[in-house]
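S.K.: Sharing a structure with you now.
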Amino acid sequence: MSDFEKTCGAAPGGNRIASAFDHGKAFIAFITCGDPDLATTAAAVRAAVANGADLIELGIPFSDPTAEGPVIQEANVRALAGGVTTDKVFGLVRELRSDVTVPLVFMTYANVVFSYGADRFIRTCSEIGIDGLILPDIPYEEREEFLPICRQYGVKLISLIAPTSAERVAMIAKDAEGFIYLVSSLGVTGTRDKITTDLTSIVREIRANTTVPCAVGFGISTPAQAHAMAEVADGAIVGSAIVRILAARGKDAPDEIGAFVKSMKDAL
């Protein structure tokens, strides 16, 4: 067994994602890599994990993050201006995997993967201990561009289901791997006062077609919202609220992020 396997409990590309959902409702934290710098990202990840985060989504900065609202867009701009590159993010993950054992997934955009070389990108994900890949600009019908490579290297290609997926929900759910990212609302990421989508009926259809867990994201920013989403689904995903703390506190953000994550996890 390699040192990596001993440290992380699974071979590179192994399905750590299931472990995020095997002990109750999962709390998933999103952090944009390199905002304000990679050292702060590493500290924020560790603070989130220490306070109960079950899975971490790491955003690789991109110049045109179409699914993101202004909070995460601005984080992308700051990270890119600071010189963050895909290779530097890979280096961050290698360092995190010296002690961080929870599942890690990348959230980024197709152009990032294409420009790096899809085979090289996904192979490197497997080698460094990334368990899944979320590409919000790739519709279900075009996932074959990446799916065979992901399966070759044991990296789960995470499916998204949105309120507009309608008759496609069952089709997407049947082929889902890792977990399903259930988008709570129309539009881009960002905090919302209310989430009014009928998520219960969507989750019912998902569960009729797969045993893969689903977690709700987009708009969750308070413990009450997290609790409500966990009542419906298998977990809650929070991004903009965490990135807003990083924007406000900079290098001093990790402690506050830890406290925030604890309050959200407790609510689940």
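S.K.: Looking at this structure, is T108 touching a residue at least 12 places away in the same chain (Cβ under 8 Å), in contact with a helix residue (DSSP H, G or I) (Cβ under 7 Å, 6 or more places away or on another chain) and of a type in the set (V, I, T)?
M.R.: So T108 does not fit the description; no.
S.K.: Condition check: at pLDDT below 95, at negative phi and in a helix (DSSP H, G or I). Does T164 satisfy that?
M.R.: no
S.K.: Out of the residues in segment 101-117 that are within 19 Å of the chain's Cα centre (by Cα) and part of a helix (DSSP H, G or I), state the one that is surrounded by the fewest Cβ atoms within 10 Å (Cβ to Cβ).
M.R.: Pass one, segment 101-117, residues within 19 Å of the chain's Cα centre (by Cα): 101-113.
Filter once more, keeping what is part of a helix (DSSP H, G or I): 110-113.
On the way: A110: 16, N111: 13, V112: 18, V113: 24.
Restricting to residues being within 19 Å of the chain's Cα centre (by Cα) and part of a helix (DSSP H, G or I), the top hit is N111.
S.K.: Search segment 17-36 for residues being out of contact with any strand residue (DSSP E or B) (no Cβ under 8 Å at 6 or more places or on another chain) and not in a strand (DSSP E or B), and hand back the single one that is surrounded by the fewest Cβ atoms within 10 Å (Cβ to Cβ).
M.R.: Looking at residues that are out of contact with any strand residue (DSSP E or B) (no Cβ under 8 Å at 6 or more places or on another chain) and not in a strand (DSSP E or B), I get H23.
S.K.: Within segment 228-244, which residues are of a type outside the set (A, V, I, L, M, F, W, C) and either touching a residue at least 24 places away in the same chain (Cβ under 8 Å) or part of a strand (DSSP E or B) (or both)?
M.R.: Within segment 228-244, D234, G235, G239, S240, R244 meet the criteria.
S.K.: Mind checking which residues of segment 237-268 are farther than 26 Å from L38 by Cβ and crowded, with 17+ Cβ neighbours inside 10 Å?
M.R.: A267, L268
S.K.: Only one residue in V71, V77 is touching a helix residue (DSSP H, G or I) at 6+ places or on another chain (Cβ under 9 Å) and either among the aliphatic types (A, V, I, L, M) or surrounded by fewer than 19 Cβ atoms within 10 Å (Cβ to Cβ) (or both). Which one?
M.R.: Exactly one residue qualifies, and that residue is V71.
S.K.: Let me ask something else about it. Tell me, please, whether a residue that is crowded, with 20+ Cβ neighbours inside 10 Å and closer than 21 Å to L38 by Cα can be found in segment 133-145.
M.R.: Checked against the condition, which is being crowded, with 20+ Cβ neighbours inside 10 Å and closer than 21 Å to L38 by Cα, segment 133-145 yields at least one hit.
S.K.: Another question, if that's okay. Spot the failing condition for A43; the list is (1) modelled with pLDDT of 95 or more; (2) over 20 Å from G178 (Cβ atoms); (3) crowded, with 20+ Cβ neighbours inside 10 Å, and only one is missed.
M.R.: Tallying (1) modelled with pLDDT of 95 or more; (2) over 20 Å from G178 (Cβ atoms); (3) crowded, with 20+ Cβ neighbours inside 10 Å, A43 fails exactly one: (3).
S.K.: Could you tell me which residue of segment 207-227 is farthest from V71 (Cα to Cα), considering only residues that are among the hydrophobic types (A, V, I, L, M, F, W, C) and not in a strand (DSSP E or B)? Talk me through it step by step, then tell me what you get.
M.R.: First, the residues of segment 207-227 that are among the hydrophobic types (A, V, I, L, M, F, W, C): 208, 212, 214-216, 218, 220, 224, 226.
Next, only the ones that are not in a strand (DSSP E or B) stay: 208, 212, 218, 220, 224, 226.
On the way: A208: 35, V212: 30, F218: 12, I220: 14, A224: 21, A226: 19 Å.
If we take residues in segment 207-227 being among the hydrophobic types (A, V, I, L, M, F, W, C) and not in a strand (DSSP E or B), then A208 is farthest from V71 (Cα to Cα).
S.K.: May I ask you to say which residue of I56, I72 is under 19 Å from L133 (Cα atoms), at pLDDT below 95 and not in a loop (DSSP other than H, G, I, E, B)?
M.R.: I72
S.K.: Would you call T197 out of contact with any helix residue (DSSP H, G or I) (no Cβ under 8 Å at 6 or more places or on another chain), hydroxyl-bearing (S, T, Y) and modelled with pLDDT of 95 or more?
M.R.: So T197 fails the test.
The values are calculated or read from the model by the stated rules, or taken from the named source; none is laboratory data. Given the structure is predicted, the values throughout are model-derived calculations rather than measurements. Neighbour counts are summed over all protein chains in view; Cβ atoms, including those assigned to glycine, are modelled from backbone coordinates with ideal geometry.
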